[in-house]
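**Q** My questions all concern the structure below.
The values are calculated or read from the model by the stated rules, or taken from the named source; none is laboratory data. Just so you know, these numbers come straight off a predicted model, no measurement behind them. Every residue, glycine among them, receives a Cβ derived from its backbone with ideal geometry; neighbour counts consider all protein chains shown. The accessibility values were calculated without ligands, DNA or RNA, using every heavy atom of the protein model including side chains. Shrake-Rupley method; radii C 1.70, N 1.55, O 1.52, S 1.80 Å.
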Amino acid sequence: MAYLNTYADRAKKFINPSAKLLLETIERKQSNLCVSVDVTSSKEFLAIIDAVGPYVSLIKTHIDIIDDFEFSLIHRLQELSIKHNFLIFEDRKFADIGNTVALQYSSGVHRIATWAHITNAHPVPGPSIIKGLASVGLPLNRGLLLLAEMSTAGALARGPYTEDAVRMARDARDFVIGFIAQHRMEGVGLCEGQNPDEAEDFLILTPGVGLDATNDGLGQQYRTPEDAILGSGCDVIIVGRGIYGRPGNMDIDKVQRQSERYREAGWNAYLQRLKS
Ligand code: S5P
């Protein structure tokens, strides 16, 4: 994987502003860690983000699981994103026709496009889903990830489906900045022997990462940051429960220690990759 350049070099080549900013943030904070904050109370949500903020380049949300959601929560989230210098990724997994996803992205209670630098979509409806989301997101400098693979046992997103996702992304490189996937797909991004100035680049963000468990009993499968970054050529590790355990009675010092532990593991794997 030595052909994968540094995050800083890759930042210069992306045209999408959110991709550029994410790569610059990763380099500056020496963190390829994204924490997935899957809790239902806004108090706990903000407490986790404030604790892990110094160690992450990206915070991933499922904003629709917050029980006591009010739009002021988004303002608190944005304050924390400035305080700790991270980007925001709403894991909405859009999956409908272009017209519907454009409305889901721009409107409703959450108005995702107004605050999330990055969101994601299933490629299942075909290229029109990208067109619909881009009509809202591109004018706001947002970026989109396509779910090319999933981390769950028995996932249907594989083989030709994954290849088609890559084709769809290549046709919309101003808006599609990369993939949610388990590995860097063959030929995706800079390939050995290619001129770096001419090569395409895509980010690979990967969930299903854990240092202490191999599954969650509900289909989720975990591998280590080293497997993901060094072994599979992914760029960003997405970690949820590995960092905060079971929501409810959290030890916030432990959450902080765990996020530093994952940050270090992810960054060391990247440094090793640069040398390999
Ligand atoms: O294939 C996937 C795609 C995603 S975005 N597998 C996943 O687990 N995710 C998300 O990553 C999932 O929705 C959850 O928010 C997070 C993983 O959380 P963890 O607690 O299992 O680390």
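**Q** Using a Gaussian network model of the chain with C-alpha springs under 10 Å, which one of PHE175, PHE71, PHE14 is most mobile by mean-square fluctuation?
**A** Taking springs between Cα atoms under 10 Å, the residue moving most is PHE71.
**Q** Let me ask you something else. Given a 1.4 Å probe, how much area per residue of the chain is accessible, in Å²? Walk me through the numbers before you get to the answer.
**A** Details: 12070 Å² over 276 residues.
Per-residue value: 44 Å².
**Q** Mind jotting down the three principal axis lengths of the stretch 1-160 based on Cα atoms? Whole angstrom, largest first.
**A** Per principal axis, max minus min of the Cα coordinates gives 44, 40, 37 Å.
**Q** What would the Debye equation give as log₁₀ I(q)/I(0) for the stretch 77-118 at q = 0.21 Å⁻¹, counting only Cα atoms as equal point scatterers?
**A** -0.69
**Q** Of MET250, MET185, MET150, which is the most mobile in a GNM of the chain whose springs link Cα atoms less than 10 angstrom apart?
**A** For the chain, modelled as a Gaussian network with Cα springs under 10 Å, the answer is MET250.
**Q** Could you pull the Cα extents of the stretch 1-47 along its three principal axes, largest to smallest, in whole Å?
**A** 42, 23, 16 Å, listed from the longest principal axis down.
**Q** Give me the accessible area of ARG76, 1.4 Å probe, in Å² rounded to the nearest 10.
**A** Accessible area, nearest 10 Å²: 100 Å².
**Q** With the Cα gyration tensor of the stretch 98-138 in hand, convert its eigenvalues to equivalent ellipsoid semi-axes via √(5λ) and list them largest first in whole Å.
**A** Working: eigenvalues 54, 21, 15 Å².
Value: 16, 10, 9 Å, ordered largest first.
**Q** Shifting gears a bit: Hey, got the Cα dimensions of the chain along the principal axes, in Å, largest first?
**A** 51, 44, 37
**Q** Additional query: Place the peptides 238-248, 60-70, 38-48 in order of packing, highest mean first, counting for every residue the other Cβ atoms within 10 Å and averaging per peptide. Before the final figure, lay out the partial values.
**A** Working: 238-248: 19.7, 60-70: 16.0, 38-48: 17.7.
Listed from highest to lowest mean packing, they are 238-248, 38-48, 60-70.
**Q** Report the charge-dipole magnitude of the stretch 1-83 in Debye, nearest 20, computed about the Cα centre from +1 at each Lys and Arg Cβ and -1 at each Asp and Glu Cβ.
**A** Using Cβ point charges on Lys, Arg, Asp and Glu, the stretch 1-83 gives about 600 debye.
**Q** Where does each of LYS275, LYS12 land when they are ordered by accessible area, with a 1.4 Å probe and the largest first?
**A** Numbers: LYS275 170, LYS12 145 Å².
So the residues, ranked largest to smallest area, are LYS275, LYS12.
**Q** Once each part is reduced to its C-alpha centroid, what is the distance from the stretch 221-276 to the stretch 131-149 in angstrom?
**A** About 26 Å separates the Cα centre of the stretch 221-276 from the one of the stretch 131-149.
**Q** I need the semi-axes of the equivalent ellipsoid of the stretch 81-153: take the C-alpha gyration tensor, multiply each eigenvalue by 5, square-root it, list largest first in whole angstrom.
**A** On the way: eigenvalues 80, 53, 21 Å².
Over the Cα atoms of the stretch 81-153, the semi-axes work out to 20, 16, 10 Å.
**Q** Of all accessible surface on the stretch 45-132 at a 1.4 Å probe, what whole percent is carbon and sulfur? All intermediate terms of the calculation are to be shown ahead of the outcome.
**A** Numbers: 1890 of 3490 Å².
Carbon and sulfur: 54 percent of the exposed surface of the stretch 45-132.
**Q** Work out the FRET efficiency for ARG28 and SER107 from their Cβ-Cβ distance, taking R0 = 25 Å, and round it to the nearest 0.05.
**A** On the way: r = 34 Å, r/R0 = 1.35.
For R0 = 25 Å, the calculated efficiency reads 0.15.
**Q** Starting from the Cα of THR152, step 7 Å toward the Cβ, then list every residue of the stretch 222-254 with an amide N under 19 Å from that point.
**A** 222-223, 238-242
**Q** Select from CYS34, LEU147, ALA213 the residue farthest towards the positive end of the dipole of the chain; place +1 on Cβ of Lys and Arg, -1 on Cβ of Asp and Glu, and compute about the Cα centre.
**A** It is CYS34.
**Q** Another one. Just to check, using Stokes-Einstein with a Kirkwood Rh over alpha carbon pairs, what's the diffusion coefficient of the stretch 167-276 at 20 °C and 1.002 mPa s in µm²/s?
**A** In µm²/s, the coefficient is 139.
**Q** Treat every Asp and Glu Cβ in the chain as -1 and every Lys and Arg Cβ as +1, leave all other atoms uncharged, and give the resulting dipole magnitude about the Cα centre to the nearest 20 debye. Working shown, then result.
**A** Values: 29 positive and 34 negative charges, 57 e Å.
Dipole of the chain, to the nearest 20 debye: 280 debye.
**Q** With charges only on Cβ, +1 for K and R and -1 for D and E, what is the dipole size of the stretch 224-276 about its Cα centre, in debye, rounded to 20? It would help to have the intermediate numbers written out before the result.
**A** On the way: 8 positive and 7 negative charges, 10 e Å.
Result for the stretch 224-276 is approximately 40 debye, rounded to the nearest 20.
**Q** May I pose another question? Let me know the number of lysine pairs in the chain closer than 25 Å at the Cα, not counting same-chain pairs under 8 apart.
**A** Lysine pairs, 8 or more places apart or on different chains, close enough: 29.
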